[in-house]
Amino acid sequence: MNVDSDSDISISDYEETEAGLSRSKAKGKGKATEKRKKDKAKRKPKDQAYTWEANFTRSWETVQEDEGGSLQGAVNDWVARGRRKRLLEPQNAIRRTIIRHVVLLIDLSSSMMDRDMRPTRFAVTLQYAREFVLEWFDQNPLGQMAVVGMRAGVGERVCDMSGNPQDVLKSISDRHRLEPTGDPSLQNSIEMARNSMNHLPTHSSREILIIFGSLTTCDPGNIHDTLDECVKNRIRISIVALAAEMKICRDLCDKTGGQFGVAMNEGHFKDLLFELVPPPAQRAMPRTSTGAGGVSTNLASDLMMMGFPMRLPDTSPPSLCVCHSELKSKGFLCPRCLAKICDVPTDCDICGLMIVSSPHLARSYHHLFPVKPYAAVSSFDDVADPSSSPSCHACSRPFPKTISQNIADGMSAIGRYRCPDCNTDFCSDCDVFVHDVLHCCPGCGK
């Protein structure tokens with residue numbers, strides 16, 4: 001009996017069906033691949049604008065070796081740039097404000113999460129802000145600093161005015177507390193900073209430093225009225241912009257006598273920030289004639305009263321401090337009212353006397369009387385007797401006895417730099433150390 005079986009027909013139909021599905025899947029997969037390629041090609045110009053998706057920067061290729069394979073030429077160029085920058089600074093003594101009060105305004109808006117600076121603007125800003133605080137207090141031991149954040153259209157007080165750098169660093173170390181959100185408000189933040197400095201004396205400088213990364217500001221009123229109040233209160237505003245220049249930011253800096261700059265990259269951002277570490281030159285105060293005899297008096301007194309406190313030992317009995325109302329053994333006693341305070345420099349909360357320590361006062365004077373730039377000795381003809389000074393006067397390292405050929409502008413071919421007052425020769429490392437750290441010539445003591 002002939003029985004028709006469906007098995008062959010079923011297998012062939014199944015194979016044809018599977019083949020059709022495979023062709024359709026392959027065709028669909030090809031279309032999806034082509035679509036992804038087209039979308040990727042469309043997004044490619046946009047993605048290249050982000051730094052983290054672009055090619056990594058070979059920073060080691062920017063350092064060029066000399067003919068002998070040494071990197072000393074690159075180091076000399078770096079030292080030469082520092083020397084040329086120092087030579088452009090004024091050599092004469094300038095009246096500067098060594099008692100500074102600065103309010104640091106940090107943009108905490110959503111624009112700080114942009115990745116044009118690695119890893120984000122927010123991370124780079126916090127890192128450079130910590131370095132700036134340490135350097136600022138090292139160069140300005142009599143100064144005090146406060147921190148205000150610009151977030152969600154208001155100004156948030158992050159740290160009160162303090163002369164202790166550890167308090168400021170602790171306030172900006174918590175990233176979760178400073179998480180960026182919303183839009184910034186220049187007017188609200190500047191008003192908060194201005195109100196916190198209204199009680200400060202006239203002999204101290206009032207400065208506002210703004211790190212601004214947004215292109216907009218959400219203000220409740222006319223910001224030009226706030227600008228007029230800052231000019232009236234003699235508050236200096238400086239801005240470091242991370243995005244682009246805005247006219248209102250330029251006006252804030254120009255009318256108050258501050259500095260304005262737009263950071264092009266991470267290194268330029270740090271340079272702009274650290275240019276604000278030295279104290280600014282003091283503006284001339286108006287003098288008026290008062291009294292029947294027409295005696296000329298200055299509205300801001302040339303002399304001010306300071307107190308040098310007595311430091312309490314660690315074994316002293318605990319007592320309450322007037323600044324935090326906490327029981328502590330260590331501290332300082334005000335020389336006028338004998339109130340206990342935690343740190344110096346500060347103003348006594350009881351009698352209002354400014355309390356400083358003598359080392360802080362001595363360290364502040366190097367801004368008023370800077371060390372004169374050393375002159376680069378070009379040849380051995382300028383050395384009267386090389387045998388009398390064969391080594392550096394500071395570190396006793398022997399000077400080179402040959403003349404270097406590839407020397408940048410401002411550098412010495414024989415490695416000697418001479419003080420214009422005592423005519424003592426120093427090496428390049430000691431030259432940089434004297435002007436950047438020591439601030440006193442080892443040869444003449446000036």
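Packing around the peptides 374-387, 207-220, 326-339, taken as the average count of other Cβ atoms within 10 Å per residue, puts them in this order, highest first: 207-220, 326-339, 374-387. Across the range 318-325, rounded Karplus estimates of 3J(HN,Hα) from the backbone phi angles (6.51 cos²θ - 1.76 cosθ + 1.60, θ = phi - 60°) give x, 8, 6, 8, 7, 8, 10, 6 Hz, Gly and Pro being marked x.
Take 140-149, 196-205 and order them by the average number of nearby Cβ atoms within 10 Å per residue, most first; the result is 140-149, 196-205.
For the range 301-446, the tally of Lys pairs with Cα-Cα distances below 28 Å comes to 4, considering only residues 8 or more apart or on different chains.
Given the convex hull over the Cα atoms of the range 379-427, what projected area results after averaging over all orientations, in nm²?
3.6
Enumerate the calculated ³J(HN,Hα) couplings along the range 355-369 in order (Karplus 6.51 cos²θ - 1.76 cosθ + 1.60, θ = phi - 60°), each rounded to whole Hz, writing x wherever the residue is Gly or Pro. Values, residue by residue: 10, 9, 9, 5, x, 4, 5, 5, 5, 7, 7, 5, 6, 7, 10 Hz. Remark: accessible surface ordering of PHE274, PHE308 (largest first) is PHE308, PHE274, probe radius 1.4 Å.
The values are calculated or read from the model by the stated rules, or taken from the named source; none is laboratory data. Only a predicted model underlies this, so the values are computations on that prediction, with no experimental measurement involved. Every residue, glycine among them, receives a Cβ derived from its backbone with ideal geometry; neighbour counts consider all protein chains shown. Only protein heavy atoms, including side chains, enter the accessible area calculation; ligands, DNA and RNA are left aside. Shrake-Rupley method; radii C 1.70, N 1.55, O 1.52, S 1.80 Å.
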